[in-house]
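The values are calculated or read from the model by the stated rules, or taken from the named source; none is laboratory data. Here the structure is a predicted model, which means the values were calculated and not measured. Cβ placement follows ideal geometry from the backbone for every residue including glycine, while neighbour counts extend to all protein chains displayed.
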Amino acid sequence: MQVKVYDYGKDADDYYVIYKVTGLDPEDQEILKKKVEGKVDIKDGVFLITNNFERKYFPFGSEAAQMRAEDFVAREEIEMTVYLTSLLEDE
């Protein structure tokens, strides 16, 4: 499984991060679809998770995140990988 931050920013209502997850078999996709928090879309075998945040919890909202965006993206990818792995291990 590989997790990448696909997109992040602010829309009309709130802040969001979209994670792109590849390398999941269809069985794992179904498990995660039922358990993961956030909006899930599966397009051409690619698993997309959209999480919405209030401004104060948005992981890319701080000044440090703006200056070191690559570090914050990497941290988000690691945290989501750990989260998804834990959901699959609970099964």
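Key figures for this structure:
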| quantity | calculated |
| --- | --- |
| Selection status of Glu91, in contact with a strand residue (DSSP E or B) (Cβ under 6 Å, 6 or more places away or on another chain), within 20 Å of Asp28 (Cβ to Cβ) and either among the charged types (D, E, K, R) or at pLDDT below 95 (or both) | no |
| Matching residues, region 32-72, being surrounded by 17 or more Cβ atoms within 10 Å (Cβ to Cβ), of a type in the set (A, V, I, L, M, F, W, C) and touching a residue at least 12 places away in the same chain (Cβ under 8 Å) | Leu32, Val36, Phe47, Ile49, Phe58, Phe60, Phe72 |
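To keep it simple, each residue is scored yes or no on (1) at pLDDT below 95; (2) of a type outside the set (Gly, Ala, Ser).
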| residue | (1), (2) |
| --- | --- |
| Tyr6 | no, yes |
| Ile18 | no, yes |
| Pro26 | yes, yes |
| Ile49 | no, yes |
| Arg55 | yes, yes |
| Glu63 | yes, yes |
| Ala69 | yes, no |
| Phe72 | yes, yes |
| Leu84 | no, yes |
